[in-house]
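Heads up, the thing below is written out as structure tokens.
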Amino acid sequence: MPSLLDRRMDDAMAQLTGAGGQMPLTTVDKGGRSYPAIAVAPPALSYYYAYFCNEHADKTFLVSGDERLTFAEVFAVAQAAARALVDGYGIARGDRVGIAMRNSPAWIALYMAITMAGGVATLLNGWWQTTELADAIGDVDCRLVFADAPRAQRLGEATALDCFVDAVDDRLPLAEALAGVVARGGSADTVLPMLTGDDNATILFTSGSTGQSKGALSDHRAVMQAVFNYLANAVMILGISTEDGKPPVGQPSTLLNVPLFHVTAEVPVFLQSFAMGRKLVLMPKWDAEEAMRLIEREAISYFVGVPLMSFEIMTHPNRGKYDLSTVTDFAAGGAPRPVEHVKRLNDEMGGAAPLLGYGLTETNGIGCGNFRSNYLAKPNSTGRASAPLVDLAILDSMEQPVPQGERGEVAIRSICNFKEYWHRPEATQAAFTEDGYFLTGDIGYLDEDGYLFIVDRKKDIIIRGGENISCQEVEAALYENASVAEAAVFGLPDDRYGEVPGAVVYIRAGEVMDAEALCEFLVARIAAFKVPKRIWISATPLPRLGTEKIDKVSIRAGYRALYATESAPA
């Protein structure tokens with residue numbers, strides 16, 4: 001039976017998106033199918049920035065250390081950089097332009113500039129090492145990459161990188177950091193393209209079961225509609241809070257504490273903030289006590305991050321020294337939140353409510369949401385499909401809907417879904433059903449109230465604190481070592497990160513290799529978060545199935561049990 005909050009949310013959303021509401025729905029035809037869309041959403045990001053940076057011109061937009069920038073100031077720098085991209089760098093509509101930088105005002109202004117100039121903002125994982133960065137850049141054929149000093153150094157070590165790398169000192173104030181970019185060309189007379197919803201906007205990289213990251217391409221319409229789907233839910237909750245006598249006070253604000261190359265930071269945090277007039281307080285590196293200091297100093301109203309972040313705040317020994325009372329919600333996404341943490345957050349954080357979102361890179365972050373009292377009632381659920389745009393289904397192996405309560409693959413259909421994996425038509429075709437649902441690779445079921453419960457993963461990935469790790473990619477890196485005959489990588493439970501990589505390796509006859517040496521070998525080849533926390537050296541070949549494939553199911557079960565025994569207190 002729907003909860004009272006469910007009924008209130010449904011009524012509020014119906015009023016908001018119905019005829020005469022603030023965000024009425026329309027339909028968009030795409031690929032021979034009609035999708036619901038929010039009519040007031042602009043067709044492209046360029047118009048969105050221009051409108052809301054004028055609307056909130058004098059409000060604080062970005063806080064980074066001692067630097068404070070208004071919406072108008074950021075837009076002015078971004079617009080000048082966009083003109084330089086067109087007239088100085090020669091960026092044309094659809095050219096891929098990479099950003100390989102830590103979170104900074106320069107990152108944000110460059111993203112705006114690239115998408116205003118008609119380029120495709122290609123968001124490179126800042127934790128990647130040289131080979132990973134070079135492979136991704138080559139895969140999507142970037143013409144230009146903006147990189148901060150550490151990433152520029154890594155790219156300088158790449159061989160046969162057919163791309164211009166422009167180093168940006170993002171430690172400087174924004175105008176100084178991008179002065180060299182702006183100086184390359186462009187003026188007030190430079191004409192920026194009139195973009196449409198069909199123009200390509202972004203590429204984000206996703207680690208799936210097939211090893212190397214794939215570039216997920218989205219057009220402007222998909223990104224904008226995802227932003228407005230989030231806005232619809234924010235307005236819905238705002239209305240309910242106001243009805244309950246708890247209207248918001250002051251300028252909304254949030255910490256930007258997850259990497260901007262992740263969809264969570266990009267869409268619901270960064271991009272949604274334009275329309276809300278929300279202040280973003282940047283954290284280049286996560287630290288729970290620094291987060292609490294910033295929450296108090298900047299009167300942060302909304303906190304979102306991977307579940308580990310809110311847990312570290314809740315359990316920090318110095319939490320009592322900071323005033324966190326301005327926070328209304330402790331939201332999480334990117335990984336499951338342990339059930340016991342949900343009640344503790346509600347009970348121990350001074351009235352701030354727990355919230356959980358579920359979405360993927362390929363859906364531009366939208367999927368499901370579990371709010372406040374509903375989350376307390378069903379703490380192991382990701383919530384209901386996110387109205388008004390998400391169509392959620394549970395499908396069997398024949399891509400047909402299963403009866404309510406039965407398990408199947410979670411599938412999402414909406415106008416917000418990505419367009420394709422860059423130049424990978426077979427992977428793109430495999431990702432969608434014939435009737436347009438994106439297959440998430442997660443196994444779950446829906447209860448009688450439409451709440452999604454995820455119980456397993458179909459794809460061979462590990463989610464470490466919100467970061468996806470392809471088991472096949474780590475295995476491939478292990479096989480680069482000539483001493484490795486067989487390898488199997490799998491997830492191990494971890495109290496801090498949810499799960500971490502583990503591996504078992506069989507060494508070739510006559511070779512000598514230990515776990516420590518293998519870890520050192522991997523550190524030079526893959527990002528540190530992908531390196532297994534524990535490597536076991538097997539004295540015998542790994543068990544195989546009748547198909548001669550390595551039996552990862554039994555290996556995972558056996559070594560997880562061994563790991564639990566090894567980790568148990570003496």
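The values are calculated or read from the model by the stated rules, or taken from the named source; none is laboratory data. Note that the structure is predicted; figures quoted are calculated from it, not measured. A quick note on method: Cβ atoms are made from the backbone with ideal geometry, for glycine too, and the neighbour counts reach across all protein chains shown. These accessible areas exclude ligands, DNA and RNA; they are computed on the full protein's heavy atoms, side chains included. Shrake-Rupley method; radii C 1.70, N 1.55, O 1.52, S 1.80 Å.
Summary table below
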quantity	calculated
24 Å Cα-Cα reach of LYS343 towards lysines, excluding residues that sit fewer than 8 places from it in its own chain	LYS246, LYS321, LYS378
24 Å Cα-Cα threshold exceeded, pairs from LYS419/LYS530; LYS285/LYS530; LYS59/LYS419	LYS419/LYS530; LYS59/LYS419
Reach of LYS458 by Cα under 19 Å, taken over aspartates and glutamates that are not fewer than 8 positions away in the same chain	GLU362, ASP396, GLU399, GLU406, GLU409, GLU426, ASP442, GLU467, GLU473, GLU475, GLU499, ASP551
Pairwise label distance in nanometres, ASP58 with LEU4, each label 7 Å out on the Cα-Cβ vector	4.3
THR26-LEU172 FRET efficiency (beta carbon distance; Förster radius 56 Å; 0.05 resolution)	0.80
Gain in span if fully extended, ARG560 to ALA158, counting 0.36 nm per residue against the direct Cα distance	141.0 nm
Surface accessible to a 1.4 Å probe, per residue, for the residues of the chain, Å²	41
MRE, 222 nm, helices only [DSSP H, n ≥ 4, -39500 (n - 2.57), over the chain, to nearest 500]	-9500 deg cm²/dmol
Sites ARG344 and ASP456, calculated FRET efficiency, Cβ-Cβ separation with R0 25 Å, nearest 0.05	0.45
Estimated inter-spin distance, VAL523 and GLN404, nm [label 7 Å along Cα→Cβ]	5.4
Answer label for Kirkwood radius over Cα pairs in Å (calculated), chosen among (1) 26.1; (2) 24.7; (3) 27.2	(2)
Of all accessible heavy-atom area on the chain, the percent that carbon and sulfur account for (1.4 Å)	52
Computed lengthening from GLN429 to GLU516, 0.36 nm per intervening residue step minus Cα-Cα distance	27.2 nm
The stretch 309-463, relative contact order in percent, only Cα pairs under 8 angstrom and at least six apart counted	17
